[in-house]
Amino acid sequence: MTMNYTITETSKELTVKQYLLNLGYSQSLIRQLRNTENGITVEGESVYTTRILKPGELLSVFICEEESSKNIVPTPMPLQIQYEDEHILVINKEAGIPIHPSQGNFDHTLANGIAYYFKEKNQAFIYRAINRLDRDTTGLLVLAKNPLSACILSDMVKKREIHRHYLAVVLGELPLSGTIDAPIARVDGSTIERCVDRIKGEEACTHYKRLYYDPVTGHSLAGLCLETGRTHQIRVHLKSIGYPLPGDFLYYPDYRYIRRQALHSFRLEFLHPIKKELLIFEAPLPEDMQFLGITSTEGLWDNDF
């Protein structure tokens, strides 16, 4: 893939490195390109990154990946692809699928399914998941298809420019709206369990809104927006205020209505890392979370939330 940039008056006197940094290229990616034959050229000639750019010149960057992620076994797997172009891939993940391989689970993860998808297309692919979901959380996540989109999207995550919205079913009649601002830490002696810990915890903030309450089952459908992305943040925060998610094997193992935590990554909103166009994706409420009688969020979800 070649990225071409025509230098304008506003960019004159910048070095190649300064120009690329302004576009979102990382220091490490620029070093990698500098060490690649014809990785960075101006008017077709290889240049150093200290080269001063002039208006009207054509700066070209050649991004090439010839090898796929090592140690990821390609495994055939149904994938719900919401969007794909040469830079990003947006997936609606099913329940029971971890994002990454781990000890004891080397071939039944989303990474394995993605590896197989690109192997079938005869394309090299390095696995780069930008946002992460727990194994039993369903819904939307974005993957970067090349190192440029990866470094730009990763920077967007740090700047909180990728807006994630979730749907959850919780026990009880959730208040109409609120914010949970409570630090989260690992539970002492546990490798996976988290808790609210105001002394040792890391900053965590969750905004919630009750979308629907079902008096028959005694559960609410909640819309949630995150300012931070701590492990198990939604599950821990909602339990901490008395509204746990049913089906959650760690924090509320009530399996009467659902066999996994009732949590779904419903909406992703961000600027395309290269095209800078606003992208909005929504994934419908999964069938196993429809036990409140709600099958669609149309008319419930406030786009301003």
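What the table shows:
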{"read-out": "Count - residues of segment 98-126 that are in contact with a helix residue (DSSP H, G or I) (Cβ under 6 Å, 6 or more places away or on another chain) and over 20 Å from K145 (Cα atoms)", "value": "0"}
{"read-out": "Long-range neighbours under 8 Å by Cβ, at least six apart or interchain, first residue under 30 Å from Y48 (Cβ atoms) and among the basic types (K, R) within segment 61-80, second modelled with pLDDT under 90 and assigned to a loop (DSSP other than H, G, I, E, B)", "value": "none"}
{"read-out": "Criterion violated by D302 - all others in (1) acidic (D, E); (2) part of a loop (DSSP other than H, G, I, E, B); (3) under 30 Å from L148 (Cα atoms) satisfied", "value": "(3)"}
{"read-out": "Residue among L221, L153 that alone is within 30 Å of C64 (Cβ to Cβ), aliphatic (A, V, I, L, M), touching a strand residue (DSSP E or B) at 6+ places or on another chain (Cβ under 7 Å) and at pLDDT 95 or above", "value": "L153"}
{"read-out": "Search result, residues across segment 1-35 that are in contact with a strand residue (DSSP E or B) (Cβ under 7 Å, 6 or more places away or on another chain) and either touching a residue at least 60 places away in the same chain (Cβ under 8 Å) or not in a helix (DSSP H, G or I) (or both)", "value": "T2, M3, N4, Y5, T6, I7, E13, T15"}
{"read-out": "Residues satisfying the stated conditions in segment 261-305, i.e. of a type in the set (D, E) and either over 30 Å from Y25 (Cβ atoms) or surrounded by 15 or more Cβ atoms within 10 Å (Cβ to Cβ) (or both)", "value": "E269, E282, E287, D288, E298, D302, D304"}
{"read-out": "Residue under evaluation E66, criteria (1) touching a strand residue (DSSP E or B) at 6+ places or on another chain (Cβ under 8 Å); (2) on the phi < 0 side of the Ramachandran plot; (3) not in a helix (DSSP H, G or I), criterion not met", "value": "(1)"}
{"read-out": "Segment 69-88 - residue that is part of a strand (DSSP E or B) and of a type in the set (V, I, T) and, of those, farthest from K17 (Cα to Cα)", "value": "I81"}
{"read-out": "Only listed residue being more than 28 Å from the chain's Cα centre (by Cα) and of a type in the set (D, E), chosen from E43, E65", "value": "E43"}
{"read-out": "Output for segment 178-216, where each listed residue is surrounded by fewer than 17 Cβ atoms within 10 Å (Cβ to Cβ), among the polar types (S, T, N, Q) and at pLDDT 95 or above", "value": "T179"}
{"read-out": "Lone qualifier among A150, A95, A111 - being in a loop (DSSP other than H, G, I, E, B), of a type outside the set (V, I, T) and in contact (Cβ under 8 Å) with a residue 12 or more places away in the chain", "value": "A95"}
{"read-out": "Segment 286-300, subset touching a residue at least 12 places away in the same chain (Cβ under 8 Å) and within 18 Å of L140 (Cα to Cα), residue nearest to the chain's Cα centre (by Cα)", "value": "P286"}
{"read-out": "Conditions (1) of a type outside the set (S, T, Y); (2) closer than 30 Å to P273 by Cα; (3) assigned to a loop (DSSP other than H, G, I, E, B); number of the one not met by L250", "value": "(2)"}
{"read-out": "Looking only at segment 229-243, and only at residues there that are of a type in the set (V, I, T) and either under 23 Å from E161 (Cβ atoms) or assigned to a helix (DSSP H, G or I) (or both), the one that is farthest from the chain's Cα centre (by Cα)", "value": "V236"}
{"read-out": "Residue that is modelled with the lowest pLDDT [pool: residues in segment 47-70 that are of a type in the set (D, E, K, R) and surrounded by 12 or more Cβ atoms within 10 Å (Cβ to Cβ)]", "value": "E65"}
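For every residue, the table says whether it meets (1) over 26 Å from P98 (Cβ atoms); (2) touching a residue at least 40 places away in the same chain (Cβ under 8 Å); (3) aromatic (F, W, Y).
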| position | (1), (2), (3) |
| --- | --- |
| V169 | no, yes, no |
| S177 | yes, no, no |
| S190 | no, no, no |
| H207 | yes, yes, no |
| T217 | yes, yes, no |
| G223 | no, yes, no |
| L238 | no, yes, no |
| P253 | no, no, no |
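The values are calculated or read from the model by the stated rules, or taken from the named source; none is laboratory data. Please read these numbers as outputs of a predicted model, since none were measured by experiment. In this analysis, Cβ positions are derived from the backbone assuming ideal geometry, glycine residues included, and neighbour counts consider all displayed protein chains.
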